[in-house]
1. Surrounded by 15 or more Cβ atoms within 10 Å (Cβ to Cβ), modelled with pLDDT of 90 or more and closer than 16 Å to His13 by Cβ, is that true of Phe126?
2. Any residue at all in the range 9-27 that is farther than 18 Å from Lys132 by Cα, hydrophobic (A, V, I, L, M, F, W, C), in contact with a His (Cβ under 8 Å, 6 or more places away or on another chain) and touching a residue at least 12 places away in the same chain (Cβ under 8 Å)?
3. Can you tell me which residue among Ile143, Ile156 is free of Cβ contacts under 8 Å to residues at least 24 places away in the same chain, under 27 Å from Gly25 (Cα atoms) and buried (at least 17 other Cβ atoms within 10 Å of the Cβ)?
4. Mind checking which pairs have a first residue in the range 79-100 that is under 15 Å from Phe117 (Cα atoms) and without any contact (Cβ under 8 Å) to a residue 60 or more places away in the chain and a second that is among the hydrophobic types (A, V, I, L, M, F, W, C) and outside any loop (DSSP other than H, G, I, E, B), Cβ under 7 Å, 6 or more apart or different chains?
5. Quick one: count up the residues across the range 45-65 that are surrounded by 11 or more Cβ atoms within 10 Å (Cβ to Cβ) and within 30 Å of Leu12 (Cα to Cα).
6. Would you check which residues across the range 1-33 are touching a Ser or Thr at 6+ places or on another chain (Cβ under 9 Å) and part of a loop (DSSP other than H, G, I, E, B) and list them?
7. For the range 64-100, which residues satisfy the criterion of being β-branched (Val, Ile, Thr) and in a helix (DSSP H, G or I)?
8. For the range 66-92, how many residues are within 19 Å of Arg30 (Cα to Cα) and either modelled with pLDDT under 95 or surrounded by 12 or more Cβ atoms within 10 Å (Cβ to Cβ) (or both)?
Amino acid sequence: MKTKFTPLHRFLHWTIAVAMTVLYGTGFLRMYWLNKHKMVDIIASKTQALPKEEMTEIAKAIRAPMWEWHVSFAYVMVFAFLVRIIYMIAKGIKFPSLFNSKLPMKERLQGSIYLFFYVFVFVSMFTGVSLKQGFFPEMKDSIETVHKLGIYWFPIFILLHIAGILIAEYTNKKGISSEMISGKESDLK
């Protein structure tokens, strides 16, 4: 069997996939189920013995370990993403252009989706780093709003990615899932 995806390619793919999943999960929890305001309301419903400020500090302390995971995996994501970009440049990997009329529409659409994905990941990383490092303090609210949009585009990308894999598996790229896992070209072609 011929190797199609190198070990580095697969490692970066799966590292980014795991990092994005953890980032999405921790971001989702912080925005919704573990939102400090909701947690304060729950604490307040159980006791009136504490001032609201102390309840807020308790809520933040409860979710702090989860948020450490978000920050840690953000560093993993930034590193893996930058290595992936360098790898793609070094290997000459390019996305099919939407404007190349010689390519089938399916490939042009796929290339466009991946291009948007990389732009969205870059924007999420840039805004996340800006928030963490305190860059552009006068724009903090806007940067935070843009960063939180990831909660919406990430599931859309995952659904498109899975749909693309299924379409590829049942059309012209049978075995591509196995190739991304094992690195070996499938015998199904």
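1. On the way: surrounded by 15 or more Cβ atoms within 10 Å (Cβ to Cβ): yes; modelled with pLDDT of 90 or more: yes; closer than 16 Å to His13 by Cβ: no.
No, not satisfied.
2. Within the range 9-27, not a single residue is farther than 18 Å from Lys132 by Cα, hydrophobic (A, V, I, L, M, F, W, C), in contact with a His (Cβ under 8 Å, 6 or more places away or on another chain) and touching a residue at least 12 places away in the same chain (Cβ under 8 Å).
3. Of Ile143, Ile156, the one residue that is free of Cβ contacts under 8 Å to residues at least 24 places away in the same chain, under 27 Å from Gly25 (Cα atoms) and buried (at least 17 other Cβ atoms within 10 Å of the Cβ) is Ile143.
4. Between residues of the range 79-100 that are under 15 Å from Phe117 (Cα atoms) and without any contact (Cβ under 8 Å) to a residue 60 or more places away in the chain and residues that are among the hydrophobic types (A, V, I, L, M, F, W, C) and outside any loop (DSSP other than H, G, I, E, B), the close pairs are Phe95/Leu115.
5. Counting residues in the range 45-65 that are surrounded by 11 or more Cβ atoms within 10 Å (Cβ to Cβ) and within 30 Å of Leu12 (Cα to Cα) gives 1.
6. Within the range 1-33, Met1, Lys4, Phe5 qualify.
7. Val71, Val76, Val78, Val83, Ile85, Ile86, Ile89
8. Going through the range 66-92 one residue at a time, the tally reaches 10.
The values are calculated or read from the model by the stated rules, or taken from the named source; none is laboratory data. Since this is a predicted model, take the numbers as computed values, not measurements. Methodologically, a virtual Cβ is constructed for each residue, glycine included, from the backbone with ideal geometry; neighbour enumeration extends over all protein chains shown.
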